[in-house]
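The values are calculated or read from the model by the stated rules, or taken from the named source; none is laboratory data. Everything quoted here is computed from the prediction, not taken from an experiment. Note that we place each Cβ from the backbone using ideal geometry, even for glycine, and neighbour counts take in every protein chain shown. Heavy atoms of the whole protein, side chains included, go into the accessibility calculation; ligands, DNA and RNA do not. Shrake-Rupley method; radii C 1.70, N 1.55, O 1.52, S 1.80 Å.
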Amino acid sequence: MSESQAPRFRASDYLAPRHWPTWLGLGVLRLLTLLPYSLLMGLGGPIGTLMYWLMGKRRHVVQRNIEECFPAFSQAERDALIREHFRNAGRTVFESALSWWASDSRLRPLAHLHGLENLEKAAADGKGVILLSAHFTSFELGARLLTMQHRFQFLYKPQRKNPLFEAYTTNLRLRHYLSAVAHRDLRGMARGLKRGLTCWYLPDQDFGEKNSVFVPFMGVNTATVTATSRLASMTGAQVVPYFPIRRDRGGYDIHILPALEGFPSGDDAADASRINRLIEEYVRQAPAQYLWLHRRFKTRPAGEPPVYQR
């Protein structure tokens with residue numbers, strides 16, 4: 001699916017009774033975004049705690065991820081990190097909603113940008129920018145805050161189970177971004193980059209063994225996609241890493257690093273390792289804010305046991 005094929009939204013296409021629960025949920029969420037930001041973040045914590053108790057399978061995923069990535073932690077330290085992660089995941093619900101519906105004037109005071117000049121310098125080159133990030137719990141709102149200074153394409157993951165949610169939220173996001181590209185559509189991303197656009201790209205998920213290499217992430221041999229190197233090689237785009245970190249007392253530090261020098265190197269494994277090390281640096285700064293709900297270590301090298309087996 002290319003950017004021109006991003007799902008169109010027409011409310012009349014989603015009036016069947018099976019869509020009513022989604023409409024209700026979106027309506028309630030929209031009303032809640034009218035509450036003050038501080039209150040929403042306060043509500044997010046208990047919602048995350050409820051998720052902790054209700055989402056047994058996902059709790060197991062988080063637990064195994066933490067065990068693999070922080071082997072030196074005591075059991076008490078791991079338990080505390082897991083619980084705090086779920087509280088952060090609860091806050092993500094409201095952060096995502098704010099990114100869809102809140103005005104620029106309401107969100108602007110939350111943004112604390114560090115290194116915007118790095119992105120502007122890379123964009124001025126005219127060859128496109130791969131805005132490389134990772135799945136931190138505030139990734140959705142962090143990107144929205146950055147769009148107020150520099151607009152870019154975003155990637156979305158088609159939702160076959162809930163087409164209403166996909167079409168509606170993609171339509172909301174398009175108000176703030178340049179265009180939408182399906183997350184596996186490298187050609188669509190490449191076309192935008194060749195036009196000199198910036199494309200937001202998060203490569204830190206397990207997409208299987210195809211087009212991936214096994215390199216360390218947090219000390220674990222991890223299937224890591226090589227698409228960042230391929231995109232940069234195909235288009236000449238510069239790779240600018242950026243990471244959003246939620247402040248303890250509200251607001252977000254948006255860290256924008258200088259464009260990667262000597263990238264791609266011609267060695268996919270070396271490039272993938274370099275990217276993983278960058279992500280690790282920020283994961284270690286705010287470990288509870290990384291999205292451990294993903295099965296990051298689903299694909300294993302030959303001969304290694306599965307990570308999530310119960």
key: the chain, accessible area per residue, ligands and nucleic acids excluded (1.4 Å, Å²)   = 47 Å²
ask   = Picking from GLN205, GLY44, ALA16, whose Cα lies most toward the positive end of the charge dipole for the chain (charges on Cβ: Lys, Arg +1; Asp, Glu -1)?
value = ALA16
request  = For LEU174 and ARG18, compute 0.36 nm times the residue count separating them, minus their Cα-Cα distance, and round to one decimal in nm.
outcome  = 53.6 nm
task = Could you work out how far apart the two model spin labels at TYR308 and ARG284 are, taking each label as a point 7 Å from the Cα in the direction of the beta carbon, and quote it in nm?
result = 2.7 nm
ask   = Per residue and in Å³, how big is the convex hull formed by the alpha-carbon atoms of segment 124-264?
value = 139 Å³
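Charges only on Cβ, +1 for Lys and Arg, -1 for Asp and Glu: so what's the dipole of segment 173-225 about the Cα centre, in debye to the nearest 20?
In debye, rounded to 20, segment 173-225 gives about 460.
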note = Residues of segment 164-184 with backbone N under 19 Å of the label point set 7 Å from the Cα of TRP101 along Cα→Cβ are 164-177
Rg/Rg_ref, segment 73-116, where Rg_ref = 2.2 N^0.38 Å and atoms are Cα = 1.65
query = When averaged across all projection directions, what area in nm² does the alpha-carbon convex hull of segment 148-200 cover?
reply = 3.7 nm²
task = Please go through the residue pairs LYS157/LYS210; LYS57/LYS298; LYS127/LYS298 and name each one whose alpha carbons sit more than 24 Å apart in this structure.
result = LYS127/LYS298
task = With runs of 4+ DSSP H residues as the only contributors, calculate the mean residue ellipticity of the chain at 222 nm using -39,500 (n - 2.57) per run, divided by the residue total and rounded to the nearest 500.
result = -14500 deg cm²/dmol
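Output the Kirkwood hydrodynamic radius of segment 1-124, Cα pairs only, in Å rounded to one decimal.
Evaluated over segment 1-124, this radius sits at 18.1 Å.
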query = How would you rank 58-71, 218-231, 131-144, highest first, on the average number of other Cβ atoms within 10 Å across their residues?
reply = 131-144, 218-231, 58-71
request  = Under 1.5 on a/c is rounded, so check that first for segment 188-304, then, if it is not, pick prolate when a/b is larger than b/c and oblate when it is not; a ≥ b ≥ c are the square roots of the alpha carbon gyration tensor eigenvalues.
outcome  = oblate
request  = Return the Rg/Rh value of segment 242-303, two decimal places, where both radii are evaluated on C-alpha atoms and Rh is the Kirkwood radius.
outcome  = 1.05
key: DSSP beta bridge pairing in the chain, given as percent antiparallel to the nearest 5   = 45 percent
task = Note down the nm distance, to one decimal, between modelled labels 7 Å out along Cα→Cβ at ALA270 and at HIS114.
result = 2.9 nm
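For the chain, what % of the accessible area comes from carbon and sulfur atoms, probe 1.4 Å?
Here it works out to 53 percent.
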query = If you work out Cα extents along the principal axes in Å from the coordinates, which of (1) 50, 48, 39; (2) 56, 41, 37; (3) 54, 49, 40 do you get?
reply = (1)
message = Please identify the DSSP H helices in the chain that span no less than 30 Å along the helix axis (Cα) and have a mean Kyte-Doolittle hydropathy of -1.0 or more.
response = 75-101
query = Using the beta-carbon distance between LEU31 and ARG247 and R0 = 25 Å, what value does 1/(1 + (r/R0)^6) give for FRET efficiency, to the nearest 0.05?
reply = 0.45
task = Note the full-extension length gain between LYS210 and ARG230 as 0.36 nm times their separation in residues minus their Cα-Cα distance, in nm to one decimal.
result = 5.8 nm
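How much length is gained on full extension from LYS161 to LEU50, taking 0.36 nm per residue of separation minus their Cα-Cα distance?
On the way: separation 111, 0.36 × 111 = 39.96 nm, distance 2.33 nm.
That works out to 37.6 nm of additional length.
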